[in-house]
1. Considering only region 131-153, I want to know if a residue exists there that is farther than 23 Å from residue 87 by Cβ, modelled with pLDDT of 95 or more and surrounded by 14 or more Cβ atoms within 10 Å (Cβ to Cβ).
2. Scan (1) in contact with a strand residue (DSSP E or B) (Cβ under 9 Å, 6 or more places away or on another chain); (2) buried (at least 17 other Cβ atoms within 10 Å of the Cβ) for the single condition residue 58 breaks and write down its number.
3. Test of understanding: among 26, 30, 79, which residue is out of contact with any strand residue (DSSP E or B) (no Cβ under 8 Å at 6 or more places or on another chain), surrounded by fewer than 24 Cβ atoms within 10 Å (Cβ to Cβ), touching a residue at least 24 places away in the same chain (Cβ under 8 Å) and over 15 Å from residue 203 (Cβ atoms)?
4. Which of the residues belonging to region 33-55 are in a strand (DSSP E or B) and surrounded by fewer than 18 Cβ atoms within 10 Å (Cβ to Cβ)?
5. Applying the selection to region 7-32, what residues are closer than 19 Å to residue 217 by Cα and assigned to a loop (DSSP other than H, G, I, E, B)?
6. For residues that are crowded, with 21+ Cβ neighbours inside 10 Å and closer than 19 Å to residue 136 by Cβ, tally how many sit in region 180-201.
């Protein structure tokens, strides 16, 4: 299994993913440049955080038109596993691979801090080894992470189990105080209808080593690895 980490001009978390994949998990991986037109040879793709193309117009709005996105969209529609963190989540929403949008934080301030997120769905390649309602400690680092969707879309996400993570207290309570950016219904991450594309605002790659304060982010990567072993 080989994992690909996409890089756009302005991406800055690609090295964090690379470090975790190479030095912590020991998996085969490589970088995918935004001008590449093929993702052949990769079994899973990751879109890291940062400010792709400076996040001009809107976060992810220009990155959505990078040449690599056509290949990524085909990959996802063919059932390939895709994870977008922070700016990667924003790009996936702009590309139409995930529902909803990410707006300016309710505070209009950049938020860089630890948060807790409750696992709402274990039926994705990235959460299949997590427990339902398991609370993960993972950091955020964003200015535009307020999840928004129409009432109809929210109802559909809820009924189909596409809400993957919600901001919570350490003991799993969904409260206004636990919501760092004003996201509707405390939503921190969602998946597509096919459940193979997941986006979340927190950074699992920054919570994969005890030295950094939490190893909870590893769960999202170990799910992929253990899924392969099961097959």
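1. yes
2. (2)
3. 79
4. We begin by selecting, within region 33-55, every residue in a strand (DSSP E or B); these are 33, 44-47, 50.
Scanning region 33-55 gives a single hit, 33.
5. 12, 13, 26, 27
6. Qualifying residue count for the region: 13.
The values are calculated or read from the model by the stated rules, or taken from the named source; none is laboratory data. Computed from a predicted model, the values in this text were never measured in an experiment. Note: ideal-geometry Cβ built from the backbone for every residue, glycine included; neighbour counts use all protein chains shown.
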